[in-house]
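Visitor: I have a structure I would like to understand better, so I am pasting it below and will then ask my questions one at a time.
The values are calculated or read from the model by the stated rules, or taken from the named source; none is laboratory data. Values in this document were obtained by computation on a predicted structure and should not be read as measured data. Note that we place each Cβ from the backbone using ideal geometry, even for glycine, and neighbour counts take in every protein chain shown. SASA here: full protein model, heavy atoms, side chains in, ligands and nucleic acids out. Shrake-Rupley method; radii C 1.70, N 1.55, O 1.52, S 1.80 Å.
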Amino acid sequence: PLRTPPHRITAARHHQATRDSIMPHLPLTVNTGPGLATSLAGPPSLKGATAAASPRVVRMPPVSAFAFGGHRGVGENLWVEGAVPGKATPAQAVIPALRENTVRSFVRAGELGCTFIEFDVQVTSDGVPVIWHDDTVLQSLASSKGAEAAVSSLQVRDMTLEDFKRAVQLDPRDTGFAASTNLVRNFRGASSRAPLPGGPRPWAVADDDTLPTLAEVFDYVPQSLALNIEVKMPTPSDHLTDPAEVERVVSAVWALVSARAALGDARRVFFSSFDPDVTAALVRVQSTYEVWFLSECGREAHVDSRRTSSAAAIDFAANLKLTGVVVPAAMLLRDEAMVASATARGLRMLTYGLDNNDAEGVARQAQLGTSGVIVDDVAGLMGMLRGASPPVPATPPPYTAPAALGAGPAHMLLDAGLIEQKLRQAAAAGER
């Protein structure tokens with residue numbers, strides 16, 4: 001049922017078997033604007049080469065492991081403020097062009113340089129893990145164009161797999177700018193990131209794909225791209241999740257992941273969840289894969305005290321011996337001591353949010369000792385990381401690594417010695 005056939009999504013695009021860690025060494029330069037070049041793990045000779053063109057250089061300590069994750073692939077679908085529903089085309093109204101949480105978006109994130117992808121898993125009423133972020137699946141029930149649309153609202157846990165697939169399946173008869181599905185959404189704004197007024201809007205994108213099951217992600221996403229499986233629980237903030245529902249969801253997800261591992265799938269997988277009881281259940285059922293605790297750090301009120309502050313999140317994760325905590329980048333950059341607090345308790349730290357679209361903010365987090373970032377504007381950030389001018393094209397051809405570079409998980413991983421050699425050759429050519 002997936003629009004992207006398996007033969008187009010191969011591990012050859014990523015040029016590496018699974019690494020011992022999801023956190024690769026990135027000897028790269030981050031160009032954050034005129035007068036500023038930020039080196040990520042580059043050797044001193046490379047820093048000197050960039051300093052000539054950019055007087056202000058942020059000297060970063062070498063980082064042996066810093067990861068870039070694609071948020072729902074190449075980013076959450078957002079509504080462009082000012083676009084009028086029913087008049088604007090999908091390309092004008094919704095960014096990025098690829099539908100979030102789809103195989104096409106995941107593979108594209110890997111092509112752009114991400115070493116892992118973060119996506120949301122919920123479980124249908126008949127026990128099938130599927131990829132879906134929102135608390136509800138909203139569908140327009142309009143009988144004709146221009147009619148005032150009624151909207152149906154169901155949670156994934158109340159839908160069978162057949163129900164879910166019917167809601168998210170592309171219609172092969174769709175052409176032009178017709179909506180591929182009847183999905184609608186209460187969007188956040190592309191600029192404000194705040195919920196937009198006016199109710200649900202058509203969730204149509206310029207480059208569409210069907211939302212997959214977790215099994216289809218394992219089938220079609222190359223093993224060289226690590227998977228961050230966020231186990232999603234649509235529980236209101238004034239409730240705790242029913243333990244029976246935690247057990248049902250975690251059991252289904254773990255059954256699928258462990259079965260794939262038993263069949264020889266050796267990709268890197270790690271789990272995360274905002275629900276502390278889910279992380280505890282994941283630790284109970286397995287010890288093979290890392291488990292991370294996601295936290296809003298108290299930005300939103302919650303009845304569960306473990307979810308009300310960064311200190312509470314660190315304390316909970318440390319007591320449970322989780323791998324680390326995943327926090328909003330904005331909160332970490334406001335309270336940089338958070339990294340030291342987590343490290344002192346034996347925890348690692350990842351971040352997510354709008355601030356991770358800014359290369360300077362990402363560089364600062366690397367300086368502080370975070371393990372990596374989850375990014376929405378993957379193309380934009382990776383373009384800055386590569387120093388691309390103009391930025392990375394919307395659809396560059398699949399990357400093929402030159403033989404001299406050897407294998408790498410993606411085209412962001414380059415050999416520092418070879419880069420230095422090329423820079424010296426370029427400098428010598430300029431002198432001549």
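Visitor: Those residues that are in contact (Cβ under 8 Å) with a residue 40 or more places away in the chain and either surrounded by 24 or more Cβ atoms within 10 Å (Cβ to Cβ) or not small (Gly, Ala, Ser) (or both), I need them from the range 76-87; list them, please.
Guide: Scanning the range 76-87 gives 76, 77, 78, 79, 80, 81, 85.
Results for (1) closer than 15 Å to residue 129 by Cβ; (2) in a strand (DSSP E or B), shown as yes or no for each residue.
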site: 197; (1), (2): no, no
site: 204; (1), (2): no, no
site: 215; (1), (2): yes, no
site: 219; (1), (2): yes, no
site: 227; (1), (2): yes, yes
site: 248; (1), (2): yes, no
site: 252; (1), (2): yes, no
site: 259; (1), (2): yes, no
site: 270; (1), (2): no, yes
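Visitor: Which count do you get for residues in the range 299-321 that are farther than 20 Å from residue 241 by Cα and among the hydrophobic types (A, V, I, L, M, F, W, C)?
Guide: 3
Visitor: Here is a follow-up. Restricting to the range 205-248, name every residue that is modelled with pLDDT of 95 or more, of a type in the set (D, E, K, R) and open to solvent by less than 20 Å² (accessible area, probe 1.4 Å).
Guide: Within the range 205-248, 230 is the sole residue that qualifies.
Visitor: Could you check how many residues of the range 107-129 are assigned to a loop (DSSP other than H, G, I, E, B) and surrounded by fewer than 24 Cβ atoms within 10 Å (Cβ to Cβ)?
Guide: Summing the residues that are assigned to a loop (DSSP other than H, G, I, E, B) and surrounded by fewer than 24 Cβ atoms within 10 Å (Cβ to Cβ) in the range 107-129 gives 5.
Visitor: Also, I was wondering about something else. Would you pick out the residues in the range 346-373 that are within 11 Å of the chain's Cα centre (by Cα), open to solvent by 10 Å² or more (accessible area, probe 1.4 Å) and either among the aromatic types (Phe, Trp, Tyr) or at negative phi (or both)?
Guide: 352 - this is the single residue of the range 346-373 that is within 11 Å of the chain's Cα centre (by Cα), open to solvent by 10 Å² or more (accessible area, probe 1.4 Å) and either among the aromatic types (Phe, Trp, Tyr) or at negative phi (or both).
Visitor: From the list 413, 354, 385, 418, exactly one residue is at pLDDT below 90 and under 22 Å from residue 188 (Cβ atoms). Which is it?
Guide: 354
Visitor: Quick one: residue 332 ticks every box in (1) open to solvent by 40 Å² or more (accessible area, probe 1.4 Å); (2) assigned to a helix (DSSP H, G or I) except a single one, so which number is it?
Guide: Among (1) open to solvent by 40 Å² or more (accessible area, probe 1.4 Å); (2) assigned to a helix (DSSP H, G or I), residue 332 violates only (1).
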